[in-house]
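Scroll down for the structure; my scribbles are underneath it.
The values are calculated or read from the model by the stated rules, or taken from the named source; none is laboratory data. Note that the coordinates shown come from a computational prediction; the quantities given were computed from them, not determined experimentally. Ideal geometry is used to build each Cβ from the backbone, glycine not excepted, and the neighbour counts take in all protein chains shown.
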Amino acid sequence: MALYSKQELQEQVEVINVVKALLAVTVLRLTITNRKLTEATKILRRIEEALGRVFEIHPGSEIDRLNRKTRSKKSGRLQRKLMILISANEKTYGDLIWRICSYFISDVKASGNDAVVIGEVGKKYVSSENIQSKIYYFDLDDYNPNPQVIRQIISVINQYDKVIVYHGQNESLLKQIATKSEVLLEIPELAKPSKKYIFEPTPLEVLNFLNRQVVTNTFNQKVYSTEVARLSARRWNWTKQQMARVELIEELYADYLKYKKQLLSKQQQVNVSALRLSREQHFIKKW
């Protein structure tokens, strides 16, 4: 059984209390993030339901012709592609941010597309690579994303035809991966009406509004997914640090026992030597 001094026990209690507080904060943040993701999913479902109701007003619209006209305009020019990196402002998430940045940098160098970099850590990694592509830098808080900054990013997204977001994804409590996914820039075909209708405002205005909502909610989902992955990585990092502290304490205690054993052995040797000298002196005095 391990033996600890009073001071060591107090230090361990303080460390345990700090870890408990950090875990409580992490659980709270994960709960809030999960709630936001649930709300975003509900919004997307309401948009899909609204589409079904909106397009049931009056028959006779030319939505299909407007869609074909929009697609023909896009096909007549080279499609612009934007690559977005969601990193962080702190280096407290293990190697997750580094893996996302490496994935993003390799793809940007290979493609030469324009890019958006979110977070101070990502800015440092990307700026040190001397990439020739056009890059927009944004600072987004790790724990409470500012809607105004998100709107600024979406205003940049709206200038491009295809958007790929590089972010973290939480596979389990102990595993987070770097991945990429596409941001939807138009209403999915499965959600569009198959019949022709006419209504006010114009069909094109409604489609443009709904497209903007799709972009906003899809991008927000990527941001919150990254936040969940970062918090999980940070929690696992704290757990590994606590395990390292426990191993260090055990090593120190083993060294203490070893030193104590050596000290006891030397003490016994001193006692034996002292007893031998006393006997020799007694023998000399006797003669």
Notebook entry, point to check: Is it true that Arg230 is in a helix (DSSP H, G or I) and out of contact with any Phe, Trp or Tyr (no Cβ under 9 Å at 6 or more places or on another chain)?
Noted result: no
Next item on the list: Check off (1) over 22 Å from Val228 (Cβ atoms); (2) in contact (Cβ under 8 Å) with a residue 60 or more places away in the chain; (3) crowded, with 16+ Cβ neighbours inside 10 Å for Lys162 and give me the number that stays unchecked.
Entry: (3)
Checklist line | helices (runs of 4 or more DSSP H) contained entirely in the range 80-189, each with at least 3 residues that are polar (S, T, N, Q) and within 18 Å of Ser232 (Cα to Cα) | finding: none
Margin query: Please count how many residues of the range 109-141 are over 18 Å from Ser155 (Cα atoms), crowded, with 16+ Cβ neighbours inside 10 Å and either in contact with a Ser or Thr (Cβ under 6 Å, 6 or more places away or on another chain) or touching a residue at least 60 places away in the same chain (Cβ under 8 Å) (or both).
Written below: 2
Next item on the list: Taking the residues in the range 219-267 that are of a type in the set (Val, Ile, Thr) and without any contact (Cβ under 8 Å) to a residue 40 or more places away in the chain as candidates, determine which candidate is farthest from Leu37 (Cα to Cα).
Entry: Val246
Next item on the list: Report yes if Ser72 is hydroxyl-bearing (Ser, Thr, Tyr), loosely packed, with under 13 Cβ neighbours inside 10 Å and at pLDDT below 90, otherwise no.
Entry: yes
Margin query: Yes or no: the range 98-112 includes at least one residue that is over 17 Å from Phe138 (Cα atoms), acidic (Asp, Glu) and at pLDDT 90 or above.
Written below: yes
Check: under 22 Å from Gln169 (Cβ atoms), of a type in the set (S, T, N, Q) and surrounded by fewer than 22 Cβ atoms within 10 Å (Cβ to Cβ) - does that describe any residue in the range 78-88?
Finding: no
